[in-house]
Structures are given as C-alpha cells and as structure tokens.
Amino acid sequence: MFNRRSFVKRLGMLTAGASVQSLAAGVEKPFLPTKAPIVISTWDAGLEANVPAWAILEKGGHALDAVEQGVRLTEDSINCCVGLGANPDRDGHVTLDACIMDHEHNCGAVAFLERIKHPISVARRVMEKTPHVMLVGEGAQQFALSEGFPLESSKLSPAAEAAYANWLQQSQYKSPTINRENNQGHGPFAPNRLANGEWNHDTIGMLALDKQGNLSGSCTTSGAGFKMRGRIGDSPIIGAGLFVDNEVGACVATGQGEDVIRVAGASTVVGLMRAGKTPQQACAEVIQRIIKIKKDRAKDIQVAFLAISNRGEVGSFAIHPGFSFAYRDSNRNELIKASSWFKVS
Ligand code: ASP
C-alpha cells in the first residue's frame, strides 16, 4: 500500500540530491539489444501492432512507414482503447489525437478529431502535405475528408455505449487514475476494458529504428475516457507525448497527459539522453521529476516513458507498476514489464 512516510522519505532523497543515475541503475537492468532494426511500443496491444511494423522493418523499409502501419492496426480494432471504438468524452463523442515524427524533425499531429478512423495517417498527411504541424477539430476533419479519408459513423461501439451509460449514472468527472496496476486488475494482462468502463490504457506509442539507422515515432489515442469536451492530452503534442531526435534517440509517453505536458515529457527524456543519460536513466529521471512536482498526489496518477537511443538501447520507467512495452528485433519478440517508482503493494 502507498505509504506517505516512505514516499516523503524517498522524495527527501531526491530533493537532497541523490543521484538519479545511481537510483535508476540500482533498480534497473537496462535492456541492451544488439542491432537494428528494432520496434518498441507501449502496452500489451503493442505486441500485435509490432507485427506489421516489423514486416516493414525486416525488409529494410523505413521507420516512418513502420510506426504508421503498426499503430493503424490498433486504431482499427473496435475492441481497443485507441480509435473509434474507445470511450467517449463527457458529451458522448469519441475524439481522437495522434502525432508522428521522423528522423529529420518532420512532424505532424491532429487533435480533437472526430469520425475519422486513422488519425495517425491524417497526422502524417499534415506533416507531408501542409506547412503546419498540427490541425485540430473541425479543421482536422475537413482536411482528412479532403485527403479522401471516409467519414465514419458517430455511433459508439457497443462496449463504449455500455461504459458511457454506466458513467452517466454518476456523471462524476474525476481525473482518471489510468494505467495503474491494482487489485481491480489493471495491468498488462488485464482485460482492456474494466467492469466499470474504465480502460486499462488509452494510447499506443511506437518507436522504430530501421536498418538505415533512422528513428521515427508515432502516438495515437482516444485520450482519457469521459474527459471534458475539447480536452487534449500529451499524445498529439510533439515534445510531450512524442519526440524524435535522430542524433540522440526517441521517446514516447503514456498515462496522465496533463502531467506529461507539465514537464515536456518526451523531449525532456531525449534531452537528458543528449546529455549522456541512458534511455533508462532518462526515463527514470523525468518520472522522478513528475513525482517531485505532484508530491503525494503522485500516488493517484500513472505516467510511463519508453525510449530508444539511436544505437538501439531501450529503456522505460513508470510511476506505478503495470506498464509493459512490446519489444521486437530479429532475436526477440516479447512483452517486457517496465520498472516503476512505486512497487506492487
Ligand atoms: N496520454 C493519454 C492522454 O492523456 C492517455 C494514455 O496514455 O492513456 O490523453
């Protein structure tokens, strides 16, 4: 169980300047793969999403194509937390956010996008066909339609409809305690949607390093279930939910978006890697910054970072247990449990 005294003690260690590096190194076994290509993605859904991504990478294809095609598979699934089958906002509409970034700092994003099945591909079109980085709402939808994306039904999926009806009984908006492992069965092997309608997780982020040594990343989400209408989290925000710097590495975030934005999460992780930290150390340090900011409220939120260096070194760290990432290279194809600040109670 969360114990305030031990939390304050740990926080004290941090504020007293305990080396984050040694802290991370003491807890973690950094994951050291051998060579490119590699694809990694967040949560258990990443295992399936890595399949089409890997098919592209092993043939020598580009990381950018891999990260787009990989997460499209998750967006397609009506039974997932990502895409049009996901939980709606408080007003009953599913609104989607996504972004994509390549090895040359080209990037594109959409947010508050409705009735379009593949926000990640619209984000890529924003990157490739407009002078802009981000389109939102009606403008994003108009652009998608002009690019030939079909307008889908506004009807909720049966599971989302049931979850929304359940939520409406209380209509209580609280910040979601998403992505945590607890006694109700959150965690990598828990069912995607919990009995109370809450999702186990709401995002897929994917990073790939191709045979040419180039990195790209993608991130797509329905955001937090039953969010305020118009709410946008970190996932479509370049620098918060995703950042790629081919000279250094790449990072993607998942969890409570507001707290990722507060620390410019993904770009801060990559910045620390530029300064010499391993991906693992960098992820752990930014998680610890969030914990320091949130103080004892950190027990109520989940945030996780997943990062890769341009040499293919992978690291991940979360606030709470329960975050896993899917890893694939020519030797390994598996789900890996990330380390976390709090341990299982
Ligand atoms: N980061 C997402 C958001 O805040 C949610 C998630 O990753 O589960 O919109």
- Selection from segment 205-245 of residues that are in contact (Cβ under 8 Å) with a residue 60 or more places away in the chain and on the phi > 0 side of the Ramachandran plot: Gly213, Gly223, Phe226, Gly230
- Any idea which residue in segment 217-226 is nearest to the ligand (Cβ to nearest atom), counting only those that are among the polar types (S, T, N, Q) and modelled with pLDDT of 95 or more? Thr221
- Message: Of the residues Arg262, Arg229, only one is in contact with a His (Cβ under 8 Å, 6 or more places away or on another chain), more than 25 Å from Ala36 (Cα to Cα) and within 16 Å of the ligand (Cβ to nearest atom); which?
- Response: Arg229
- Task: Take Val51 and decide whether it is in a strand (DSSP E or B), away from the ligand (no atom under 16 Å from the Cβ) and farther than 22 Å from Gly257 by Cα.
- Result: no
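Please work out which residue is farthest from Val82 (Cα to Cα), limiting yourself to segment 239-257 and to residues that are more than 7 Å from the ligand (Cβ to nearest atom) and in a loop (DSSP other than H, G, I, E, B).
Glu247
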- Which ranges mark the strands (runs of 3 or more DSSP E) fully within segment 258-345 that have 2 or more residues being crowded, with 21+ Cβ neighbours inside 10 Å? 303-309, 314-318, 324-328
- Residue by residue through segment 223-238, note down the ones that are open to solvent by less than 10 Å² (accessible area, probe 1.4 Å) and more than 15 Å from Ala86 (Cβ to Cβ). Asp234
- Item | Matching entry among Ile204, Ile178 (being at pLDDT 60 or above, within 11 Å of the ligand (Cβ to nearest atom) and either among the β-branched types (Val, Ile, Thr) or surrounded by 23 or more Cβ atoms within 10 Å (Cβ to Cβ) (or both)) | Ile204
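The values are calculated or read from the model by the stated rules, or taken from the named source; none is laboratory data. Just so it is clear, the structure is predicted and the values come from calculations on it, not from any experiment. Heads up, the Cβs are rebuilt from the backbone with ideal geometry, glycines too, and the neighbour counts pull from every protein chain shown. Just the protein is used for accessible areas: all its heavy atoms, side chains included, with ligands, DNA and RNA removed. Shrake-Rupley method; radii C 1.70, N 1.55, O 1.52, S 1.80 Å.
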